[in-house]
Amino acid sequence: MAKAVIKKLLAKPEVLTLVREICQAVRLPVCICDCEGTMLFGDPYGDQFFSRTISINSEDNVIGTVKGGEDCTIVASTLQYMVNAEFERTALGRETLEKYREISMLCDLGAKIGSCMDKKEVIKIITGEIRTMLTADIIAVLLCDDNDAIIEIISDDGSDGDLLITSLEPGELVENFLVTAAPEIVNDLTADSRCTGSPQIFSSMMCAPLKIQEKTVGYVCVGSLDKREYPARDLKLLTTLSDQTAVALEKALLYNRLKETFFAMVRTLAETIEKRDPYTGNHTKRVVDYSLAIAEGLELPEEYFLRLELAAALHDIGKLGVRDDVLLKNGPLTNEEFVQMKRHPTYGEEILKHIKHLKDVIPGVKFHHERCDGKGYPLGLKGDAIDITARIIAVADSFDAMTTDRPYRKALSLDVAFNELIKFSGTQFDSAVVKAFLSAQVQEKLGMRAHGRSNTDA
Amino acid sequence: MTKILIVDDEPFIRQLLELTLEDLEDEGVELLTATNGEEALSLIKNERPCLVFLDVMMPKMNGFEVCNIVKNEIGMTDIYIVLLTAKGQEFDKEKGREVGSDQYMTKPFNPDEVLAKAREITVRQLHTTCKTPIL
Ligand SMILES: [Fe+2]
């Protein structure tokens, strides 16, 4: 920029006109060159008249020259003045650019954490951002409970968040922060009378509160091992960031509360079916456990587990639609009753389809009585056409049915049940699912082999 | 000479973009500015910048129109065009593709991103020769 400034000035028509008019007033040829001697203005053949060369400077650097007669000082001074003004303008502009960089960062951050519904994720993003903006050895978020006691410390590198707190506790500094709930810079921790704790590891720190609806729910802390002079603008930035974090955290908290309520309702729904069916005592819970263990064995992605859990919990929800005299009948079912009973997966779909958030759960419920050979119900789907959730639940459900007592027969032993699974692997059951279920890893997780359980716990 | 054109009707944005890119001036890149679409178009034709930061919302001729003329009508396809749109106003990606823009950025722009893009394009320019016939 420094080198090009004269050229840029002369590129402006109004500047060029001004310089030209001044030169005419001086009545002698004048030329202006950049620092490399390239002529930017003037008569290239007027050299012989030039008795003076005056340099144009920016700070200590020569960025160009004005050549001409004695009177060329007038041109040089004017140009120097314009160059100075230009540099001042850029200096101001640079400051503005710094601010602009912050604004741009905050906008991005707002978008990033605005859509983030996980508390830890929000904090991770924010601490990462602080890391790029401020100089610090530790950046941590301290979350507290209703009694202002610190319940959780999350640091950006996940390691020495504890270090920060042990270095401050049992000092009063952090407590004081929590009481005053005001952002603060402590540039010399050792000299601060509130630091009554163990010897200080950090020399300087800044704190800004996280406030949700006037209530302080925690702090964003930034600490430096070496003594630093954090300027007020750093604290201001930290405060802006913590305000944004608080908003995002509140959203995440509300969302999680809503999610909890929703799952609690789903579980209640699942329990209603158990209440009606006398033999199933804890059947649903075991089907959920087996299903999740199988999914782990199959190395299915993390985000899939919730869907599976819900589907497994709700797999027999359609039994709510089956008449009591069929569902609770003590003895073999007639053909007509069996047809009734076989409708429960479809009823399940009908019940759940009204709940938008359970859309993904429906296939697992609807198809849990399908068989790989196409002989299942309700549609007679084959192999991979059956949703994986349903294939998993089918194995878990059948296994638990076999290994628990029923009114018409005693429970089978685990080994007999395993053999049944193997026998029908590829026909009734998906062989990959059976294989995963029988794998040592899954068996151990379920405590079947490791604890040598020989019979059912039903 | 490698040139970059900055087009925005807001003087503040123009200056910030210039400041962002000023390091490149020392590396021999020339920065040009235009305050509206028409001016931008004539500079593009005459000065042949390798990269244009082009605001979308402008009086006279908007960024989409300028981009469409450059890329589709006069076929200067090797000019890299970054459309600048204000945050909040949804960028019409379909339209962006239609007019042949190479990329879009939202304002407030990230200065580091802008500088990195400019570096990438100017370096690429130094290594390839201009393929479009002079108009
Ligand atoms: Fe069932």
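The values are calculated or read from the model by the stated rules, or taken from the named source; none is laboratory data. Nothing here was measured: the structure is a model prediction, and the numbers come from that model. A quick note on method: Cβ atoms are made from the backbone with ideal geometry, for glycine too, and the neighbour counts reach across all protein chains shown. Just so you know, the surface numbers come from the protein's heavy atoms only, side chains and all, with ligands and any DNA or RNA stripped out. Shrake-Rupley method; radii C 1.70, N 1.55, O 1.52, S 1.80 Å.
Sub-8 Å Cβ pairs linking a first residue in segment A:210-223 that is farther than 20 Å from A:LEU134 by Cβ to a second residue that is modelled with pLDDT under 85 and of a type in the set (D, E, K, R), at least 6 apart or interchain, are A:THR216/A:ASP148, ordered by first then second residue.
Give the residues of segment A:1-33 that are within 13 Å of chain B (Cβ to nearest Cβ) and open to solvent by 30 Å² or more (accessible area, probe 1.4 Å), sorted by residue number. Result: A:ALA2, A:LYS3, A:LYS7, A:LYS8, A:ALA11, A:LYS12.
Here segment A:108-119 is the region considered, the condition is being hydrophobic (A, V, I, L, M, F, W, C) and open to solvent by 40 Å² or more (accessible area, probe 1.4 Å), and the residue that is farthest from the other protein chains (Cβ to nearest Cβ) is A:MET117.
Just so you know, in segment A:317-331 the residues that are touching a residue at least 40 places away in the same chain (Cβ under 8 Å) and not charged (D, E, K, R) include one that is nearest to the ligand (Cβ to nearest atom), and it is A:GLY318.
Of the residues making up segment A:393-406, one or more are under 27 Å from A:LEU320 (Cα atoms), free of Cβ contacts under 8 Å to residues at least 60 places away in the same chain and within 35 Å of the chain's Cα centre (by Cα). Between A:THR346, A:THR284, A:THR334, the distinction of being within 16 Å of the ligand (Cβ to nearest atom) and farther than 23 Å from A:THR404 by Cβ belongs to A:THR346 only. Every condition in (1) modelled with pLDDT of 85 or more; (2) farther than 24 Å from A:THR132 by Cβ is met by A:ALA191 except one, and the failing one is (1).
Under the condition of being out of contact with any strand residue (DSSP E or B) (no Cβ under 6 Å at 6 or more places or on another chain) and either on the phi > 0 side of the Ramachandran plot or open to solvent by less than 80 Å² (accessible area, probe 1.4 Å) (or both), the residues counted in segment A:226-244 number 7. For segment A:294-316, check the following and say yes or no: at least one residue is at pLDDT below 95, within 14 Å of the ligand (Cβ to nearest atom) and in contact with a Phe, Trp or Tyr (Cβ under 7 Å, 6 or more places away or on another chain). Within segment A:294-316 (the criterion being at pLDDT below 95, within 14 Å of the ligand (Cβ to nearest atom) and in contact with a Phe, Trp or Tyr (Cβ under 7 Å, 6 or more places away or on another chain)), the answer is no, since none of the residues qualifies.
Of all residues in segment A:205-216, those satisfying the criterion of being surrounded by fewer than 21 Cβ atoms within 10 Å (Cβ to Cβ) and at negative phi are A:LYS211, A:ILE212, A:LYS215, A:THR216. Is segment A:428-444 home to any residue that is open to solvent by 40 Å² or more (accessible area, probe 1.4 Å) and within 16 Å of the ligand (Cβ to nearest atom)? Yes; the residues of segment A:428-444 include at least one that is open to solvent by 40 Å² or more (accessible area, probe 1.4 Å) and within 16 Å of the ligand (Cβ to nearest atom).
Pick out the one residue from A:ARG52, A:ARG94 that is farther than 30 Å from B:LEU16 by Cα and either within 14 Å of chain B (Cβ to nearest Cβ) or among the charged types (D, E, K, R) (or both).
Result: A:ARG52 is the single residue among A:ARG52, A:ARG94 that is farther than 30 Å from B:LEU16 by Cα and either within 14 Å of chain B (Cβ to nearest Cβ) or among the charged types (D, E, K, R) (or both).
Given the options A:LYS356, A:LYS329, name the one that is modelled with pLDDT under 90, assigned by TED's automatic domain parsing to the domain that holds A:PRO407 and closer than 25 Å to A:LEU306 by Cβ.
Being modelled with pLDDT under 90, assigned by TED's automatic domain parsing to the domain that holds A:PRO407 and closer than 25 Å to A:LEU306 by Cβ holds for just one of A:LYS356, A:LYS329, which is A:LYS356.
Conditions (1) free of Cβ contacts under 8 Å to residues at least 60 places away in the same chain; (2) open to solvent by 30 Å² or more (accessible area, probe 1.4 Å); (3) within 13 Å of the ligand (Cβ to nearest atom), marked per residue:
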residue	(1), (2), (3)
A:LEU352	yes, no, no
A:ILE355	yes, yes, no
A:LEU358	no, no, no
A:GLY364	yes, no, yes
A:HIS368	yes, no, yes
A:GLY374	yes, no, no
A:LEU381	yes, yes, no
A:ASP384	yes, yes, no
A:ILE388	no, yes, no
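Would you confirm whether any residue within segment B:31-47 is out of contact with any helix residue (DSSP H, G or I) (no Cβ under 6 Å at 6 or more places or on another chain), farther than 26 Å from A:ILE103 by Cβ, open to solvent by less than 60 Å² (accessible area, probe 1.4 Å) and among the basic types (Lys, Arg)? Looking for residues that are out of contact with any helix residue (DSSP H, G or I) (no Cβ under 6 Å at 6 or more places or on another chain), farther than 26 Å from A:ILE103 by Cβ, open to solvent by less than 60 Å² (accessible area, probe 1.4 Å) and among the basic types (Lys, Arg), one finds none in segment B:31-47, hence no. Reported count of residues in segment A:337-350, each being of a type outside the set (Asp, Glu) and open to solvent by 40 Å² or more (accessible area, probe 1.4 Å), is 6.
When residues in segment B:101-116 are screened for being surrounded by 17 or more Cβ atoms within 10 Å (Cβ to Cβ) and more than 14 Å from chain A (Cβ to nearest Cβ), 3 of them pass. Within segment B:52-71, is there a residue that is open to solvent by less than 20 Å² (accessible area, probe 1.4 Å), part of a helix (DSSP H, G or I) and among the β-branched types (Val, Ile, Thr)? Yes, because at least one residue in segment B:52-71 is open to solvent by less than 20 Å² (accessible area, probe 1.4 Å), part of a helix (DSSP H, G or I) and among the β-branched types (Val, Ile, Thr). Taking (1) part of a strand (DSSP E or B); (2) open to solvent by less than 40 Å² (accessible area, probe 1.4 Å); (3) modelled with pLDDT of 80 or more in turn, A:ILE154 satisfies each apart from (3).
Table: residues versus (1) of a type outside the set (Gly, Ala, Ser); (2) touching a helix residue (DSSP H, G or I) at 6+ places or on another chain (Cβ under 7 Å).
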site: A:ASP289; (1), (2): yes, no
site: A:GLY297; (1), (2): no, yes
site: A:PRO301; (1), (2): yes, no
site: A:LEU314; (1), (2): yes, yes
site: A:LYS319; (1), (2): yes, yes
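Restricting attention to segment A:70-83, the residues being among the polar types (S, T, N, Q) and open to solvent by 70 Å² or more (accessible area, probe 1.4 Å) number 1. Going by the conditions given, is A:GLU299 open to solvent by 60 Å² or more (accessible area, probe 1.4 Å), under 22 Å from A:VAL395 (Cα atoms) and either free of Cβ contacts under 8 Å to residues at least 24 places away in the same chain or not assigned by TED's automatic domain parsing to the domain that holds A:LEU381 (or both)? Judged against the criteria, A:GLU299 is a match. Evaluating B:GLU39 against the criteria (1) part of a loop (DSSP other than H, G, I, E, B); (2) within 14 Å of chain A (Cβ to nearest Cβ); (3) of a type outside the set (S, T, N, Q); (4) under 14 Å from the mean Cα position of the chain (by Cα) leaves one unmet condition, (1).
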